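Down below is the structure, laid out as structure tokens.
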Amino acid sequence: MVVSSTEGIMERVSFFAEGCPAPKGSTKSFRNARTVAMVTMGDCARTKPWQKVVATFAMQAAVQKASGPVRLELDFFFSRPRYHYGRGKNEETVKERAPVYHGSKPDLDKLIRSVLDALTGIAYADDSQVVEVRAGKRYCASPSQPEGVAVVIVC
């Protein structure tokens, strides 16, 4: 789903990128006598394909590159484990005691970095233009709801 509107002079574009969210690896700095190098460690094999998925959905949503500050809202959705559902005739029903929020790996900050990098060059020239991020991780409400990220870009 793509929604585009204007809030006063601000533009708001939203889209849903379907797929299993993948985190960006940790950044480590190394220093020797002459240089300081920043190296990204531990990108999982799914990171680059996930970033391409996010970029593709952003381009399909006709996201325009912002020239000024950008605010992002990111809601990551993950499939629920089987034990969150009932049994028998209730196998499609989420148990009352099942959590709403996804409180395990991957780390939220690494998921955010992955999306920020994916949107660089599409929604903004550089992710330094992002001045505010609201993000969360939650489980899908039903087995039919797809995994992915709901993105709202306000500029």
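Odds and ends about this structure:
- Extension gain (nm, one decimal) between Glu132 and Asp107, 0.36 nm per residue minus Cα-Cα: 7.2 nm
- Pairs spanning more than 19 Å between alpha-carbon atoms, out of Lys24/Lys137; Lys24/Lys65; Lys48/Lys110; Lys52/Lys110; Lys89/Lys137: Lys24/Lys65; Lys89/Lys137.
- Taking GluC sites (Glu not before Pro) across region 59-144, the ones in a DSSP loop with at most 12 further Cβ atoms lying within 10 angstrom of their Cβ are Glu91, Glu92, Glu96.
- For region 119-155, the residues whose backbone nitrogen is under 20 Å from a point 7 Å from the Cα of Arg82, taken along Cα to Cβ, are 139-147.
Here, each number is a calculation from the coordinates, and none is a lab measurement. If you're wondering where the values come from, they're calculated on a predicted model, not measured in any experiment. No Cβ is skipped: glycine too gets one built from the backbone with ideal geometry, and neighbour counts run over all protein chains shown.
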